[in-house]
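Working notes, structure below.
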Amino acid sequence: MLLGAAAITAFVLILLAIAWRRSEGSGPDERVWTLGLGVGFVMTVLVALVGYGFWVGERILPRTDGALRITAEAQQWGWVFTQPGPDGAVIETQDVLYVPARTPLDLEITSTDVIHSFWVPRLGGKMDAVPGRANVLRLFAEAPGELEGLCAEFCGLGHSFMRFRVIVYEPGAFPDLSTSDGDENE
Amino acid sequence: MRWAAWMLAGPLLWAGLFSVVYALHGVGCAWGWPALTTPIGQAQVVILAAVWVGGLALHAILIWQMPRGPSREDRLVSYGAWIGLVASLLTLAPILLTSTCF
Ligand SMILES: [Cu+2]
């Protein structure tokens, strides 16, 4: 997307440079500029972007397909995650979220005090954590690894430290809790 | 100034149609239309699409009835009518393309 934006900017700057150098009255007529580049080009780019937005939006919608359900509870200032643990039994963790790779899952996001927002940039969109309400976000992690997450809604003095880690593991190979759990301020 | 009214009719029709579909979308979600099925699909989609198609028909009538001629005003009238049709076609296409009520 950055490359596309850079290419369009460069294209416009080149056109501008040509326009400055060109003598009056030469070159293609107004139709090319107004209809081709003014309407056609812009509409193509915008429709492509909006289409991509819809595609991403559809991907993060929860479905009724019996996907794994995990809860995320925000409070000032940290996250409590409830998810399946090493042997399938449910475990509760503080500021570390464990998710299996290549497995669609629905994250139920809520809060016990003020409004927070769950955001893992590498996994897609943000979702508000609202007291008394569970917002559901569909997540899908492509590959094992460790991702950064943070609170994306100002929630008080500790807001900027309200970070968490997402550990994506190979399904069936739950990581060692004793080494990866715990200290969130490393 | 009649031509100005003709020119604005297309965009105004788009604005009205969009607002009506948007409002019906909210009403449908509140009243549980997605759970109702009709012979041709989910009630939510069918109702919204019916209003959309009705609006497109009005756009078509507008284009059919608009004054035509070589003058600048007539050209602007034609632009307005076509812009309205394309806007309604594009901005309401998500009725068929996306999920509703989340
Ligand atoms: Cu917060």
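The values are calculated or read from the model by the stated rules, or taken from the named source; none is laboratory data. Nothing here was measured: the structure is a model prediction, and the numbers come from that model. Note that we place each Cβ from the backbone using ideal geometry, even for glycine, and neighbour counts take in every protein chain shown. Side chains are part of the model used for accessible areas, which takes the heavy atoms of the whole protein and leaves out ligands, DNA and RNA. Shrake-Rupley method; radii C 1.70, N 1.55, O 1.52, S 1.80 Å.
Just a few scattered comments:
- Among the residues of the stretch B:1-60, those identified as among the hydrophobic types (A, V, I, L, M, F, W, C) and part of a loop (DSSP other than H, G, I, E, B) are B:Met1, B:Leu36, B:Ile40.
- Residues being facing chain B (nearest Cβ under 10 Å), within 22 Å of the chain's Cα centre (by Cα) and more than 19 Å from A:Lys126 (Cα to Cα) - total across the stretch A:31-50: 2
- Of all residues in the stretch B:91-102 being within 7 Å of chain A (Cβ to nearest Cβ) and in a helix (DSSP H, G or I), the one that is most open to solvent (accessible area, probe 1.4 Å): B:Leu97
- Just one residue in the set A:Arg69, A:Arg21 is basic (Lys, Arg), more than 14 Å from chain B (Cβ to nearest Cβ), free of Cβ contacts under 8 Å to residues at least 60 places away in the same chain and out of contact with any strand residue (DSSP E or B) (no Cβ under 6 Å at 6 or more places or on another chain); that residue is A:Arg21.
- A:Asp128 vs. criteria without any contact (Cβ under 8 Å) to a residue 40 or more places away in the chain and either charged (D, E, K, R) or within 16 Å of the ligand (Cβ to nearest atom) (or both): yes
- Residues in the stretch A:144-159 include at least one that is open to solvent by 50 Å² or more (accessible area, probe 1.4 Å) and either within 14 Å of chain B (Cβ to nearest Cβ) or away from the ligand (no atom under 16 Å from the Cβ) (or both).
- Checked against the criterion of being assigned to a strand (DSSP E or B) and either within 23 Å of B:Phe102 (Cα to Cα) or modelled with pLDDT of 90 or more (or both), the candidates A:Arg122, A:Arg165 yield just one match: A:Arg165.
- At least 3 residues being surrounded by 12 or more Cβ atoms within 10 Å (Cβ to Cβ) and of a type in the set (A, V, I, L, M) is the threshold, and among the strands (runs of 3 or more DSSP E) wholly inside the stretch A:1-116 those reaching it are A:68-75, A:96-100, A:105-111.
- When the stretch B:2-24 is filtered for residues that are aromatic (Phe, Trp, Tyr) and without any contact (Cβ under 8 Å) to a residue 60 or more places away in the chain, only B:Tyr22 remains.
- Checking every residue in the stretch A:105-115 against the condition of being within 14 Å of the ligand (Cβ to nearest atom), modelled with pLDDT of 90 or more and in contact with a Leu (Cβ under 8 Å, 6 or more places away or on another chain) gives at least one match.
- Selection of the stretch B:4-42 for residues being open to solvent by 80 Å² or more (accessible area, probe 1.4 Å), modelled with pLDDT under 90 and not small (Gly, Ala, Ser) yields B:Leu36, B:Thr37, B:Pro39, B:Ile40.
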